[in-house]
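Undergrad: Could you have a look at this structure, given as C-alpha cells, before my questions?
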Amino acid sequence: MAFTHRMAQEDGTTRWLSTHGELVRDHREALPRFVVVSLDITASKEREVILADTLIERDRLLAQKETLLGEVNHRIKNSLQLVASILNTDARRAGEGEARERLEAAAARVRAVTSVHEMLYRSNEVTTIAFGDYLRELCGNLASGDAGIAGVEVHCDPAEVKLPADKAIPLALIVNELATNAIKHGLAGVPDGIIKVATGLEAGDLVLDVADNGIGKADGAERGLGTRIIEGLVGQLGASMSTSSAEPGHRVVIRVPLQIE
C-alpha cells in the first residue's frame, strides 16, 4: 500500500505525508504484522508547486516573446517595403543612367531583406527560417524580375535547413548580389543565360554555390560595389569564399560554418 495525502493541523497549516504499508512476518509460524511508515514530504511538495508555477510563467513569457517578435518582424517588413517603394520611385524619376541603376540595386537589396522578415512573420518560427523554402522564393523573384527582363533563367537547388535570421539575411543579400552581378556583367548579351543557385550541407558547413554560363570574370577586373558588399557579408558570417571558372562562366562558392541541430 502506498499513497500521498494531506494533513490539516490545528494552526491551519497543511502538511503532506507519503505513507507506505506492507505485511511483515518475523518467521513462518508468526502472525503477520501490518507496518505503516509515514514521511513528511511537505518541503518536496512545496518545491513541486513552485516549479510548476515557474514553468507556467516561463511558457507564458515565451508565448509573449514569440508574439512580440512576430509583431517586430511584421513592422520591420512594412518599414522596409516603404523604403523599397521610395527607392523605386526615386529610380523612375532619375531617368536612365548610373543613378537609376544604383537606386534600383539598393531597392533590390532592401527587398531581399524584406522577404526574410515576411517569411519569419508568416511562419510559426520567429527566430529561424526554412532557408530552402526562402531560397526558392528568392530565386522565383529574381526570375520574374531582373533575370526575366534580361532573358536569364534561374535554377534553384536548395538544401532543406533552418537558419537563424542573422545568417539567413546576409546569405539572402549575397545571393541577390551574385545574381545581380551575373545579370549585369557576366551574362550581358549572352543568349540562353542561366544562373544556378544551390546549397548543400558538408561537415557542419552550409555551402552556397552560385554559377552562371556567361563570359566569366576578366582578369584584373575592378572590384565594384556589389563585390565589396559580398566580401563584407562573407566576413560577417565568418565564412570563406572561393571563385573559379564555370567553363563557361563564373562560379562562386561560399562555406558558412553552422551549428545545425
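The values are calculated or read from the model by the stated rules, or taken from the named source; none is laboratory data. All values derive from a computational prediction rather than experimental measurement. Note that we place each Cβ from the backbone using ideal geometry, even for glycine, and neighbour counts take in every protein chain shown. Calculation scope for accessible area: heavy atoms of the full protein, side chains included, ligands and nucleic acids excluded. Shrake-Rupley method; radii C 1.70, N 1.55, O 1.52, S 1.80 Å.
Undergrad: Looking at Thr89, Thr114, Thr19, Thr67, which is the one that is outside any loop (DSSP other than H, G, I, E, B), among the hydroxyl-bearing types (Ser, Thr, Tyr) and open to solvent by 80 Å² or more (accessible area, probe 1.4 Å)? It would help to see each step written out before you state the result.
TA: Values: Thr89 fails: open to solvent by 80 Å² or more (accessible area, probe 1.4 Å); Thr114 fails: open to solvent by 80 Å² or more (accessible area, probe 1.4 Å); Thr19 fails: open to solvent by 80 Å² or more (accessible area, probe 1.4 Å).
After ruling out the rest, the residue left standing is Thr67.
Undergrad: Same structure again: Out of Gly186, Gly224, which single residue is open to solvent by less than 20 Å² (accessible area, probe 1.4 Å), at pLDDT below 90 and not acidic (Asp, Glu)?
TA: Testing whether each residue is open to solvent by less than 20 Å² (accessible area, probe 1.4 Å), at pLDDT below 90 and not acidic (Asp, Glu) leaves just Gly186.
Undergrad: So, in the stretch 22-43, how many residues would count as being outside any strand (DSSP E or B), open to solvent by 100 Å² or more (accessible area, probe 1.4 Å) and of a type in the set (A, V, I, L, M)? Break it down into steps so the answer makes sense when it comes.
TA: Initial filter on the stretch 22-43 (outside any strand (DSSP E or B)): 25-32, 41-43.
If we keep only those that are open to solvent by 100 Å² or more (accessible area, probe 1.4 Å) too, we end up with 25-29, 31.
Of the ones still in play, those that are also of a type in the set (A, V, I, L, M) are 31.
Total meeting the criteria: 1.
Residue by residue, here is whether (1) among the aliphatic types (A, V, I, L, M); (2) modelled with pLDDT of 85 or more; (3) open to solvent by 30 Å² or more (accessible area, probe 1.4 Å); (4) part of a strand (DSSP E or B) holds:
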residue: Gly132; (1), (2), (3), (4): no, yes, no, no
residue: Cys139; (1), (2), (3), (4): no, yes, no, no
residue: Cys156; (1), (2), (3), (4): no, yes, yes, yes
residue: Lys167; (1), (2), (3), (4): no, yes, yes, no
residue: Ala172; (1), (2), (3), (4): yes, yes, no, no
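Undergrad: Within the stretch 193-209, which residues are touching a residue at least 40 places away in the same chain (Cβ under 8 Å), open to solvent by 20 Å² or more (accessible area, probe 1.4 Å) and part of a loop (DSSP other than H, G, I, E, B)?
TA: Hit for the stretch 193-209 is Gly204, nothing else.
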